[in-house]
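Chemist: Dumping the structure here so I can ask a few things about it.
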Amino acid sequence: MEDTLYIIIFFIFGCVFGSFFAVIGERLPKGENFTTSSSHCNSCNHKLGFFDMIPVITYLLNKGKCKYCKAKIPVLLPIVELLTGLLSSVSYYSFGFSYDTLIALGVIAIFMIVLVSDLNYYIIPDEILIFFIFYFIIFQYLKGGINLMSTRVVTGVFLFLLMYFIMILGEKIFKKESLGGGDVKLMFIFGLVLEPILGVLSIFIASVIALIPSLYILLKNKDHMIPFGPFLIVSFAALYFSKITTLDFLRFLGF
């Protein structure tokens, strides 16, 4: 009964924070202040009150439109709110009250912010990456001391260099930019959370997930940019929440 209550609490607060993460992902790439400026409609700039910002519920009640100007609200907003709530509940269910839960909540936060910013603006803001680098380093240290923290940092450097090599190779093959700098930096953060082999696996999974959408977009518009960050972050979160280990993966391969 107590666990059920905590799961509900994590879901509610997750939805609320999901709305905040969406605001960060929307405003930061545009250079807007997301801490001091009041919440407003992006179409009519009307200041939003408390009852205008109830996660998911307000969107459904207003049929996906602004209450004041009737402009359509991007469906990505309630998706981010709901997904953040669900994953927050999964975090508590999987890890209880622990440092792993705090790490999981960090994974969720960067997942949602990158999803919004990269899908809308093809940008992964450096401010977000820097913040979460320190966030994960601190909690890895609190979880396992200097040894675990050092191992994670080394893994981060390895994945960063690997992704940088893939970016350079892609530019030489396709004669144009194949990956954004944000995607490369994102891999350093992956290394602060995942084991090395799982970090490499996350790149492979992201590539597989991105294949069909990428082919469709390229056929529709050859010059259209394809944000890879959301695919990377989905594979990252999937590996983390599945709690798969390198040993599990090697056993799956038959080693």
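Computed from the coordinates by the stated procedures, all read-outs in this text should not be read as laboratory data. All of these numbers come straight from a predicted model, not from anything done at the bench. Neighbour counts run over all protein chains shown; Cβ positions are idealised from the backbone, glycine included.
Chemist: Give the peptides 182-195, 79-92 in descending order of average Cβ contacts within 10 Å, highest first.
Modeler: Averaged packing, sorted descending, gives the order 182-195, 79-92.
Chemist: So for the pair Tyr99, Ile209, with labels modelled 7 Å out along Cα→Cβ, what separation do we get in nm?
Modeler: Inter-label distance under the simple model: 2.7 nm.
Chemist: Per residue of region 56-61, in order, report the coupling 6.51 cos²θ - 1.76 cosθ + 1.60 (Karplus, θ = phi - 60°) as ³J(HN,Hα) in whole Hz, putting x for Gly and Pro.
Modeler: 6, 4, 4, 4, 5, 5
Chemist: Can you give me the Rg/Rh ratio for the chain, using Cα atoms for both radii and the Kirkwood formula for Rh?
Modeler: 0.98
Chemist: Hey, another quick one. Short version: ³J(HN,Hα) in whole Hz for each residue of region 200-206, in order, from phi by Karplus 6.51 cos²θ - 1.76 cosθ + 1.60 (θ = phi - 60°), x for Gly and Pro, what are they?
Modeler: Couplings: 5, 4, 4, 5, 5, 4, 4 Hz.
Chemist: Rounded to the nearest 500, what is the 222 nm mean residue ellipticity of the chain from helices alone, with -39500 (n - 2.57) per DSSP H run of 4+ residues and division by all residues?
Modeler: -24500 deg cm²/dmol
Chemist: Also: If you count, for each residue, the other Cβ atoms within 10 Å and average over each peptide, how do 147-155, 117-125 line up from highest to lowest?
Modeler: 117-125, 147-155
Chemist: Quick check: the distance between the Cα centres of region 1-26 and region 164-205, to the nearest angstrom?
Modeler: 30
Chemist: Mind listing the Cα extents of region 104-224 along all three principal axes, in Å, largest one first?
Modeler: Dimensions of region 104-224 along the principal axes of its Cα atoms: 50, 27, 22 Å.
Chemist: Within straight cross-link reach of Lys30, meaning Cα distance under 21 Å, which lysines are found once same-chain residues fewer than 8 apart are removed?
Modeler: The qualifying lysines are Lys47, Lys72, Lys185.
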